[in-house]
Each structure stands twice: as structure tokens, then as C-alpha cells.
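Have a look at the structure below, then the notes.
Nothing in this text is a laboratory measurement; each read-out follows from the coordinates by a stated rule. Being a predicted model, the structure only gives us computed values, none of them experimental. Neighbour counts are summed over all protein chains in view; Cβ atoms, including those assigned to glycine, are modelled from backbone coordinates with ideal geometry.
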Ligand SMILES: Nc1ncnc2c1ncn2[C@@H]1O[C@H](COP(=O)(O)OP(=O)(O)OP(=O)(O)O)[C@@H](O)[C@H]1O
Ligand SMILES: [Mg+2]
């Protein structure tokens, strides 16, 4: 048995010999048959998104093994730090570029918070594609960016405006569909504010 990295609501992560095993755990509130179908589906979906991202040269952990029977993915351990603690202007620029590459390859992350982004040797890596999908939807890309902006705002209230501006500026420089996505992001944020009232 390896060292437990994290026991979350959905998955147990263990580390052994530089390999991370992410195993989707049983949810007893779900009917057993449905539970096993869902865990199997999410396991293969996450693995295939990681593989597609890797093929597109997006920085992600390499998938080493998919074990559907045990609802587990074995992947490369990215030995770095979560970006939430260490983000600065240089990393913000790097992050915008890497998201542009992911989106331009039709990959939506689905949970783009700062705890799903690891920095290793100045490069940003995405993990946790369990809620991701293959899509070219402008709306979904805008929502990815909104989730990230909110996460940065929560972690770095004082520096957030500047960091978010740099991320989006870099996204704009690197993504082909940036104008559409950033316009939609403004709409998504307006809608959010309307709902809050
Ligand atoms: N390949 C990896 N390399 C290094 N650390 C990892 C890797 N995969 C996961 N981790 C660590 O384990 C944590 C949880 O992993 P992940 O986000 O995939 O699972 P999760 O169950 O969705 O967790 P959460 O609910 O926090 O999003 C990450 O925030 C990260 O610190
Ligand atoms: Mg996570």
C-alpha cells in the first residue's frame, strides 16, 4: 500500500513509487448497480480526457494504467505545488496560455479551480478531469474561466484583479476563439450577478 494523498468525497488518492492511484470510491447512497456504472464511466472518461490532453501537448500527468474493474487510474505523480499558494504574474501568463491550448483542442476541464492546477519547474499542469468533457462550446469554455477567476478571487483577494487580467490577456493572445469566449464570459458573469440579487 502506498501513502494516502487524499481521501475526497469521490475518490481516494494514494502515492507509491511516484505513481498516483486515483480510485473512485463507493457511494452507499446510490443503488449498487448504478453506482458501479457511474464509477466505471467517470474513470474511463477522466482517463480518456487526460490522454487526449497529453496528445495535444497540454501539461497533464501521463496515464499509466486504467483499471476499470477497480475504478482506478494510475498516473504520473506531478511533484510540484498547487498553484493556489504560489501564483504570481509569470505563472498567471503561463496558465492563460495553457488553458488556451486545452480549449483550442476541444477540452473542457469542468472544475478549473486552483486546487486542480499543479506547478512544477515553472510549468502548469492540470489534474482532476472527472467533470471534464470534449466540447467546443463557447459557453463551457467561458464557465471554465469563470470558475478559475472565482477561485483566484477566493485565494488572493488583493491581487486577484491583476492576476485575472493577466490570465485572460494571455488566453486572448493564444486562443483562436478567444474573442467569442471572453465576450461570453462577460455575459456569464452578468448572469451570475443578476442571480445573486
Ligand atoms: N497526478 C498527481 N500528481 C500530484 N498530485 C496529485 C495528482 N493527482 C492528484 N493529486 C493531489 O491530490 C489532490 C486531489 O486529487 P483530485 O483533484 O484528482 O481528486 P478529487 O477527489 O477531485 O479532489 P477534490 O475534491 O479536492 O477536487 C489534488 O488536489 C492534488 O493535491
Ligand atoms: Mg480536485
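Modelled spin-label separation between residue 26 and residue 173, with each label point placed 7 Å from Cα along the Cα-to-Cβ direction: 5.2 nm. Evaluated at 4 °C with a viscosity of 1.567 mPa s, what Stokes-Einstein diffusion coefficient in µm²/s does the chain have when Rh comes from the Kirkwood expression over alpha-carbon pairs? Estimated via Stokes-Einstein, D reaches 74 µm²/s. Where the alpha-carbon atoms of segment 81-196 are placed on the principal axes, they occupy 34, 30, 28 Å, in descending order.
Rounded to the nearest 10 degrees, the inclination of helix 178-196 to the longest alpha-carbon principal axis of the chain is 80 degrees.
Put simply, the Cα atoms of segment 1-116 extend 46, 31, 26 Å along their principal axes, the longest span coming first. Helix 89-104 and the longest principal axis of the C-alpha atoms of the chain enclose an angle of approximately 70°.
What's the long-distance tail for segment 86-141, i.e. % of Cα pairs beyond 15 Å? Summing the P(r) tail past 15 Å for segment 86-141 gives 47 percent. Relative to the dominant Cα principal axis of the chain, helix 138-155 is inclined by about 90°. Rounded to the nearest 0.05, the FRET efficiency derived from the C-beta distance between residue 158 and residue 134 at R0 = 22 Å is 0.05.
Considering all C-alpha pairs of segment 46-108, those separated by over 21 Å amount to 34%.
Using a Förster distance of 25 Å, how high is the FRET efficiency between residue 183 and residue 120, based on the Cβ-Cβ distance and rounded to 0.05? Mind showing how you got there, number by number?
On the way: r = 33 Å, r/R0 = 1.33.
Efficiency computed from Cβ-Cβ geometry: 0.15.
As a calculated quantity, the FRET efficiency between residue 65 and residue 37 at R0 = 35 Å, using C-beta atoms, amounts to about 0.95. Maximal additional length on extending the residue 48-residue 9 stretch stands at 11.9 nm, based on 0.36 nm per residue less the C-alpha distance.
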